[in-house]
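Scroll down for the structure; my scribbles are underneath it.
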Amino acid sequence: MAFHEVRFPAPLSFGSAGGPERRTEIVTLANGFEERNTPWEHARRRYDAGLSIRSLEDVEEVLAFFEARRGELYGFRWKDWVDYKSCLPKEEIAFDDQVLGSGDGASRAFQLCKTYVSGSHSYVRPIVKPVPSTVKVGVGGLALMESVGYDVDYATGLITLAIAPAEGEPVTAGFEFDVPVRFNTDRIHVSAASFQAGEMPSVPVVELRV
């Protein structure tokens, strides 16, 4: 898939509207009960960057980014200011924020992920676009050093440990991450007159499966 490892200007994604979207198929039976199912294992996020554009300089920056991506053709990174850390927004990233798995004595590769917990239920979201230089990894409660104890593929979110962890040893990580997205339109419509009058353009983006 055509993807550019470049982030949409973070100041222009701040203030945007959006979030996760699920797809649920519902069949209402004759007795009034429902059968519910979903073809999606993971949510798909949608955003609109138009709400954060405040000046004609912002418009010019977005237009340049849009043209360099050829509209919908190339994907790119997006910072979701509501959900971009392995920990709570006001906390500092730590190597034990998220559990990636446990050792079996042979496996060295682990996918970054973030677990969302509510009551007795949880959802594990794969993280495929970690932010460079933010990933911290630990094994068995001890922090490791990048390039010595582990390597990170920042294009896929795959962690490769230098030494396979022993049976049952927890592998943990902390990180910042971006969302892989593309523009969800091949046209951006804005005029200087309408913008100065307070009318914002619509710049929709949608998450990519990568």
- Message: What's the total number of residues in segment 43-83 that are farther than 23 Å from Arg187 by Cα and open to solvent by 50 Å² or more (accessible area, probe 1.4 Å)?
- Response: 2
- Query: Which residue pairs have Cβ atoms under 7 Å apart, sit 6 or more places apart or on different chains, and have a first residue in segment 152-165 that is on the phi < 0 side of the Ramachandran plot and a second that is hydroxyl-bearing (Ser, Thr, Tyr)?
  - Reply: Ile159/Tyr150; Thr160/Tyr150; Leu161/Tyr150; Ala162/Tyr150; Ala164/Ser107
- Out of the residues in segment 110-127 that are of a type in the set (S, T, N, Q) and surrounded by 10 or more Cβ atoms within 10 Å (Cβ to Cβ), which is nearest to Asp80 (Cα to Cα)? Thr115
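May I ask you to list the residues in segment 96-109 that are assigned to a strand (DSSP E or B), open to solvent by 50 Å² or more (accessible area, probe 1.4 Å) and not hydroxyl-bearing (Ser, Thr, Tyr)?
Filtering segment 96-109 down to residues assigned to a strand (DSSP E or B) leaves 98-102, 109.
This time we only want the ones that are open to solvent by 50 Å² or more (accessible area, probe 1.4 Å), so: 99, 102, 109.
Of everything in segment 96-109, those that are assigned to a strand (DSSP E or B), open to solvent by 50 Å² or more (accessible area, probe 1.4 Å) and not hydroxyl-bearing (Ser, Thr, Tyr) turn out to be Val99, Ala109.
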- Query: Quick one: which strands (runs of 3 or more DSSP E) sit completely within segment 1-95 and have at least 2 residues that are farther than 27 Å from Glu176 by Cβ and more than 15 Å from the chain's Cα centre (by Cα)?
  - Reply: 25-28, 34-37
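Do you know which of the residues in segment 20-31 that are within 19 Å of Pro204 (Cβ to Cβ) and touching a strand residue (DSSP E or B) at 6+ places or on another chain (Cβ under 6 Å) is surrounded by the most Cβ atoms within 10 Å (Cβ to Cβ)? Full working, then the answer.
Our first condition is that a residue be within 19 Å of Pro204 (Cβ to Cβ); within segment 20-31, this holds for 20-23.
Those left that are additionally touching a strand residue (DSSP E or B) at 6+ places or on another chain (Cβ under 6 Å): 20-21.
On the way: Pro20: 15, Glu21: 12.
Result: Pro20.
Considering only segment 182-203, I want to know if a residue exists there that is under 25 Å from Glu91 (Cβ atoms), touching a Gly at 6+ places or on another chain (Cβ under 6 Å) and at pLDDT 95 or above. Break it down into steps so the answer makes sense when it comes.
Of the residues in segment 182-203, the ones under 25 Å from Glu91 (Cβ atoms) are none.
No, segment 182-203 contains no residue that is under 25 Å from Glu91 (Cβ atoms), touching a Gly at 6+ places or on another chain (Cβ under 6 Å) and at pLDDT 95 or above.
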- Can you name the residue in segment 128-169 that is part of a strand (DSSP E or B) and farther than 11 Å from Phe95 by Cβ and is also most open to solvent (accessible area, probe 1.4 Å) among such residues? Asp151
- Query: Any idea which residue in segment 145-195 is farthest from Arg125 (Cα to Cα), counting only those that are under 26 Å from the mean Cα position of the chain (by Cα) and of a type in the set (Asp, Glu)?
  - Reply: Asp186
- Message: Cβ contacts < 6 Å: first residue at positive phi, restricted to segment 130-144; second residue open to solvent by 30 Å² or more (accessible area, probe 1.4 Å) and not hydrophobic (A, V, I, L, M, F, W, C), any location; separation 6+ or different chain. Result?
- Response: Gly140/Glu169
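The values are calculated or read from the model by the stated rules, or taken from the named source; none is laboratory data. Treat the numbers as computed from the prediction; the structure is a model and nothing was measured. Reconstructed Cβ throughout: ideal geometry from the backbone, glycine too, with neighbour counts over all protein chains shown. SASA here: full protein model, heavy atoms, side chains in, ligands and nucleic acids out. Shrake-Rupley method; radii C 1.70, N 1.55, O 1.52, S 1.80 Å.
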